[in-house]
Amino acid sequence: MARKILTEHINVPGIETFDVYRKQGGYTAVEKAIKTMTPEEVVEEAKKSGVRGRGGAGFPMGMKWGFLAKPEGVPRYLVCNADESEPGTFKDHHLMKCIPHLLIEGMIISSFALGANKSFIYVRGELMYVIRILEKAIAEAKAQGFLGKNILGSGYDLELVVQPGGGAYICGEETALLESLEGKRGNPRNKPPFPAVKGLYQSPTVVNNVESISNMPWIINNGGDAYATIGIGRSTGTKLISASGHIQKPGVYEIELGVSVDEFLNSDEYCGGVRKGHYLKALVAGGSSVPILPANLITKTAAGEDRLMTYESLSDGGFATGTMLGSGGFIVFDETACIVRNTWNFSRFYHHESCGQCSPCREGTGWMEKVLHRIEHGHGSMHDIDLLVDISKKIEGNTICPLGDAAAWPVASAIRHFRDEFVWHITHPQEATQPGAVYMGEMVLG
Amino acid sequence: MEEVKPQLLKITFDGIEVEVEPGTTIMQAARKIAEADESQGHLVPPAMCYYKPLPVSGGKCRACLVRVAAGSAKDPRPMPKLVPSCITQVQDGMVVENTTNQAVLDTRKSIVEFLLINHPLDCPICDQAGECHLQDFAFEHGSVKTRYEEERRTFDKIDIGPHVQLHMTRCILCYRCVYTADQITNQRVHGVMNRGDASEISTYIEKAIDNDFSGNVIDVCPVGALTDKTFRFKNRVWFTKPEDAHRDCDKCCGKTTLWYRGDEVIRVTARKNTWGEVTDFICNTCRFEKKNTSDWVLEGPTKVKRSSVISANKYRKDLVAKPDFALKLAATQFKNIDDSRPYVTDEETIRHQSIENNDKANHRSLAANNN
């Protein structure tokens, strides 16, 4: 069995209550950090662990903490980004719902390390019941003296606030999240200044993903060096993967980074393989915004090496033959899935979720969706394919926030790897618009 | 004792060196070059959302994206992405490429395309035509044909009060009017509603905008989305004659531009500088109610610069100073035009003539060299 850091006790009955969580060794990390360590030592452990941001960008968390500006007399804030709304990603939801105290313990340690006296958990607004679970857990922790004034008699105060989100995917972008938290329209800010210098209420702020923060209790208990031994190279630790699509056992799995994609997809411990009687056609490895890969590039890289579930291995070959680990939304398509329809579906999502602030994303996402809609419904023409590629290129990198890139990548990669399927949709509109019709041409099946 | 001057930063913009104060943006540095030498006006990146008199504006339209080939003298690495020049501050030793970089020009062209796909192109009946920044931007950087085949976005009409006419379909969401209301009026009652390409400028539950400075949103609007109801369909701006004038006003500075048709003042606006930016905001009394010459002390005709207000024949490409490759770009585009079409637009004729003349001139100079 692979080592579990986050989900070790997740199946213990009653783990969502303080008493059971405490019995399983919970809150010992808070005691250790606050009683025996200085904030700098906690930051040092995070740096040693090499844990990387689990929200999608994969930026080392310790380094991010190191960038936090510390001017005198200005409060600092820690904000936990729990606005998980990427199609195909549902790991934070699972974690907060099942084991809320893990996040709270992580928040206490992280806030202590950063010197924040007020921290926020910005939870996706649709997850009202999770917000209630978290609030109940916070009340329990407060009653036991782990939150509030003078935690464990150390003189350190911390108030933890759960904020329901504004109901937009864009509020998961860190600066839009801060705007939303301030009570404004969730529009991303221009950077620089970065949140580490001017974030929430113009004060230095760190924004971290739920999963990143939840790693902290284990790191404090066992040391950053122990954490760094798990995984391969710069991809340290474990990662929650939300597996969905045409597989035997969809769900949230905790893997050690470095497990091969083949093992993750086919072993009974994890996904259990593509559903019976069907073949693998394509895979999205890290949530809807990362490039889609065809079957022949999933288990092996273009160079013929085994592809592993790590940040580096998945992005091997750049976007030409690689993808990204992203937020860990593992979506599997078998041969019954229509790539054009799927790309249109993703595109529709980004069109709907664009904030409308900067022109390439506002106009471009809608344009791509309309062209894809046309192709999917049998009204496309051949130049539409190149038009889509051109639009995606013009959006990518020219927007304020990464939503533009996220909208452009799935479209560009689908055309890169499945151009023949787009062509078929255009040349055979009659067949392509039949219910359940799928292109079965010279597909490489895995 | 000598006065301590701030250390000036030296940057290279399209091969031209300029020294600016710390905290200056790339856009301001480029404008400084153009102000020193008017023939370099074409180097300045276009600005559709950035508006200097309104702090925090900018960064949204992406029209002013430039490439930073070297970040600074200390760290000469290029920046990975194109950066918005209106909000990016200069560093000592920065090297910026604007019109000298093809990727920047290609991106700019695509920004025009993005802004125009949902813009109605009703210039013939739009009061802003002739002083529209989008018109200028599209003329200078856009393509002749559109690749957009879908239906354009439309909005339900709403009435936002007695003075200002809102045409939401023309809006490019620059947020300038939002910042104007935030920064120069007591309370903002309009804003951006909804999300993505459904975003619209609106007042909450169609409330009217009613305050003494509401008219300024007309001046800051780069397109015809917010126009003057008292000037609606009165005249084309290029037939009107601007005169600077002032009056004693207890609410504002009273410095305005009167726009005459014959002896009649048909509209009053704030004065604008070379970059189309208001120098002093004016109140609604001056703007909407004082439409007699006797209300004003005239100062003389407004100096019209090419880039501020339409001047005669502005849109003749041969009169616009252009770098060589822009003409070449125009030449290649002209060849792509479908010749089977039974008509030719004026712009195409003019451009064609301009290219021919240019070719002839080149040919002559070549012949002279050979002899």
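The values are calculated or read from the model by the stated rules, or taken from the named source; none is laboratory data. Only a predicted model underlies this, so the values are computations on that prediction, with no experimental measurement involved. Positions of Cβ are generated from backbone atoms using ideal geometry, with glycine treated the same way; all protein chains shown enter the neighbour counts.
Taking the options B:60, B:52, B:74, name whichever one is among the basic types (Lys, Arg), part of a loop (DSSP other than H, G, I, E, B) and at the interface with chain A (Cβ under 10 Å from one of its Cβ atoms).
Numbers: B:52 fails: at the interface with chain A (Cβ under 10 Å from one of its Cβ atoms); B:74 fails: at the interface with chain A (Cβ under 10 Å from one of its Cβ atoms).
From the options B:60, B:52, B:74, the qualifying one is B:60.
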Which of the residues spanning region B:89-117 are away from chain A (no Cβ under 14 Å) and of a type in the set (D, E, K, R)?
B:92, B:97
Would it be correct to say that residue A:236 is within 21 Å of the chain's Cα centre (by Cα) and closer than 28 Å to residue A:316 by Cβ?
yes
Hey, among the residues in region A:406-418 that are surrounded by 19 or more Cβ atoms within 10 Å (Cβ to Cβ) and of a type outside the set (A, V, I, L, M, F, W, C), which one's farthest from the other protein chains (Cβ to nearest Cβ)?
A:417
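Results for (1) within 14 Å of another protein chain (Cβ to nearest Cβ); (2) surrounded by fewer than 17 Cβ atoms within 10 Å (Cβ to Cβ); (3) not in a helix (DSSP H, G or I), shown as yes or no for each residue.
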{"site": "B:183", "(1), (2), (3)": "no, yes, no"}
{"site": "B:186", "(1), (2), (3)": "no, yes, yes"}
{"site": "B:202", "(1), (2), (3)": "yes, no, yes"}
{"site": "B:205", "(1), (2), (3)": "no, yes, no"}
{"site": "B:214", "(1), (2), (3)": "no, no, yes"}
{"site": "B:218", "(1), (2), (3)": "no, no, no"}
{"site": "B:227", "(1), (2), (3)": "no, no, yes"}
{"site": "B:233", "(1), (2), (3)": "no, yes, yes"}
{"site": "B:238", "(1), (2), (3)": "no, yes, no"}
Looking at region A:91-106 only, could you name the residues that are among the hydrophobic types (A, V, I, L, M, F, W, C) and without any contact (Cβ under 8 Å) to a residue 60 or more places away in the chain?
A:104
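For residue A:377, are the conditions met, namely being touching a Ser or Thr at 6+ places or on another chain (Cβ under 7 Å), surrounded by fewer than 16 Cβ atoms within 10 Å (Cβ to Cβ) and within 13 Å of chain B (Cβ to nearest Cβ)? I'd like the intermediate steps shown before the answer.
On the way: touching a Ser or Thr at 6+ places or on another chain (Cβ under 7 Å): yes; surrounded by fewer than 16 Cβ atoms within 10 Å (Cβ to Cβ): yes; within 13 Å of chain B (Cβ to nearest Cβ): yes.
Spelling it out, residue A:377 is indeed touching a Ser or Thr at 6+ places or on another chain (Cβ under 7 Å), surrounded by fewer than 16 Cβ atoms within 10 Å (Cβ to Cβ) and within 13 Å of chain B (Cβ to nearest Cβ).
Residues to consider are B:218, B:209, B:201; find the one that is modelled with pLDDT under 90, aliphatic (A, V, I, L, M) and assigned by TED's automatic domain parsing to the domain that holds residue B:292. It would help to see each step written out before you state the result.
On the way: B:218 fails: modelled with pLDDT under 90; B:201 fails: modelled with pLDDT under 90.
Just a single option satisfies the conditions, and that option is B:209.
Which is under 30 Å from residue A:245 (Cα atoms) and either at pLDDT below 95 or of a type in the set (D, E, K, R) (or both), of A:76, A:52? Spell out how you get there, then give the answer.
On the way: A:76 fails: under 30 Å from residue A:245 (Cα atoms).
Result: A:52 is the single residue among A:76, A:52 that is under 30 Å from residue A:245 (Cα atoms) and either at pLDDT below 95 or of a type in the set (D, E, K, R) (or both).
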Using the structure shown, decide if residue B:192 is within 14 Å of chain A (Cβ to nearest Cβ) and surrounded by 17 or more Cβ atoms within 10 Å (Cβ to Cβ).
yes
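Being farther than 24 Å from residue B:168 by Cβ, aliphatic (A, V, I, L, M), in contact with a Pro (Cβ under 9 Å, 6 or more places away or on another chain) and in a helix (DSSP H, G or I) is the requirement here; does residue B:66 meet it?
Values: farther than 24 Å from residue B:168 by Cβ: yes; aliphatic (A, V, I, L, M): yes; in contact with a Pro (Cβ under 9 Å, 6 or more places away or on another chain): yes; in a helix (DSSP H, G or I): no.
So residue B:66 does not fit the description; no.
For region B:272-288, what are the residues that are among the aromatic types (Phe, Trp, Tyr) and outside any loop (DSSP other than H, G, I, E, B)? Explain how you work it out, then say what you get.
If we filter region B:272-288 for residues that are among the aromatic types (Phe, Trp, Tyr), which is where we start, we get B:275, B:281, B:288.
Result: B:288, single match.
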Given the options A:398, A:345, name the one that is assigned to a helix (DSSP H, G or I) and either buried (at least 24 other Cβ atoms within 10 Å of the Cβ) or away from every other protein chain (no Cβ under 12 Å) (or both).
A:345
Find the residue count for region B:123-169, including only residues that are within 26 Å of residue B:55 (Cα to Cα), of a type in the set (D, E, K, R) and within 14 Å of chain A (Cβ to nearest Cβ).
0
So which of A:390, A:386 ends up being over 21 Å from residue A:85 (Cα atoms) and more than 9 Å from chain B (Cβ to nearest Cβ)?
A:386
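Can you tell me which of A:73, A:88 is free of Cβ contacts under 8 Å to residues at least 12 places away in the same chain, outside the structural domain of residue A:325 (by TED's automatic domain parsing) and not in a strand (DSSP E or B)? Break it down stepwise before answering.
Values: A:88 fails: free of Cβ contacts under 8 Å to residues at least 12 places away in the same chain.
Only one candidate passes the filter, namely A:73.
Give me a count of the residues in region B:248-269 that are basic (Lys, Arg), surrounded by fewer than 16 Cβ atoms within 10 Å (Cβ to Cβ) and over 17 Å from residue B:217 (Cβ atoms). First the steps, then the outcome.
Restricting attention to region B:248-269, the residues satisfying the condition of being basic (Lys, Arg) are B:251, B:255, B:261, B:267.
Still in the list and also surrounded by fewer than 16 Cβ atoms within 10 Å (Cβ to Cβ): B:251, B:261.
This time we only want the ones that are over 17 Å from residue B:217 (Cβ atoms), so: B:261.
Qualifying residue count for the region: 1.
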